[in-house]
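This report refers to the structure that appears directly beneath it.
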Amino acid sequence: MKYVQVGLGSRAAAFRRVLAGLPGFERAGLVLKRTRAAGGRTYDSLASCLTETRPDFVMCFRPASTPDTLRVAVEHGVPVLAWAPPARTARELTALADVVDSGLVHVAE
């Protein structure tokens, strides 16, 4: 299964190690706010990454961009795993109701 990772950090590194140890998982792309060397193909846009790589799912590790990540992934029909909370404010959370109703969003924790 191909996946796209949005953001870096300790949680992202832990999931990357787990998935690297499982057969059949491949990171197809890494979306970062600022392009830098990160061990693989990096993108500055989730939409372009999804169009080019056609992954099976997205994992979002960047809280500030989670609402946008959820919307873009759902628009492309790609399941997405995000961490709680998926929005910073109650207003942002309420605005995500239509995205969550897609059945493609999974929130961990």
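The values are calculated or read from the model by the stated rules, or taken from the named source; none is laboratory data. Predicted model only: the values in this text are computed from it and were never measured. Don't worry about glycine lacking a Cβ; one is built from the backbone with ideal geometry, like all the others, and counts go over all protein chains shown. Note: accessible area is taken over every heavy atom of the protein model, side chains too, but ligands, DNA and RNA are not part of it. Shrake-Rupley method; radii C 1.70, N 1.55, O 1.52, S 1.80 Å.
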When PHE15 is evaluated against the numbered criteria (1) open to solvent by 30 Å² or more (accessible area, probe 1.4 Å); (2) out of contact with any Lys or Arg (no Cβ under 8 Å at 6 or more places or on another chain); (3) without any contact (Cβ under 8 Å) to a residue 40 or more places away in the chain, which criterion, by number, is the only one it fails?
-> (3)
Filter segment 98-109 down to residues that are part of a helix (DSSP H, G or I), closer than 15 Å to VAL58 by Cα and open to solvent by 50 Å² or more (accessible area, probe 1.4 Å), then give me how many there are.
-> 1
Can you spot a residue in segment 52-69 that is exposed (fewer than 14 other Cβ atoms within 10 Å of the Cβ), among the hydroxyl-bearing types (Ser, Thr, Tyr) and more than 11 Å from the chain's Cα centre (by Cα)?
-> no
So, of the residues in segment 80-97 that are open to solvent by 80 Å² or more (accessible area, probe 1.4 Å) and in a loop (DSSP other than H, G, I, E, B), which turns out to be nearest to CYS60 (Cα to Cα)?
-> PRO85
